[in-house]
Amino acid sequence: MQANRKVIKSTAACLVATLAGCSNGVSSRAIEQASVFGSEEMAAYEGSINHPAQVPLVTLSRGASVNVLHDAYGKDYWACYVRTANGVEGWVLCTSLDYKRSTGT
């Protein structure tokens, strides 16, 4: 049930981004090897010693291109919802990308 809520939340966030005219996202590149996960929470806990390791949807190599569809801040993380060149969508830590958040100016 909780997994379904996460999928619905991610889908809703993408819908909001699409309606806002951001469907193509902001082009970005991985500055280090990075894992793309199916949920924001999984990305947030990547490398954590007190949570079991999660299996990523895909691993980005350094320099891989992605489109950042939107981002989210948590208590101790900054995660980006991305679309890879192969069309895989998921969450990655923004600090693994050269992504700079637009300030709207």
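Scanning residues 5 or more positions from Phe37 or on other chains, those with amide H under 5 Å from its amide H are Leu57, Trp91, Val92, with H placed 1.01 Å from N in the peptide plane. Here each label is just a point 7 Å from Cα along the line to Cβ, and for Trp78 and Ala53 those points are 2.7 nm apart. Scoring 35-43, 93-101 by mean Cβ neighbours within 10 Å over their residues and listing the highest first yields 35-43, 93-101. Between Arg29 and Thr95, the contour length at 0.36 nm per residue exceeds the alpha carbon distance by 22.7 nm.
Laboratory data are not the source of any read-out in this text; all were calculated from the coordinates shown. Just so it is clear, the structure is predicted and the values come from calculations on it, not from any experiment. Please note: Cβ atoms are built from the backbone with ideal geometry, for glycine as well, and neighbour counts cover all protein chains shown.
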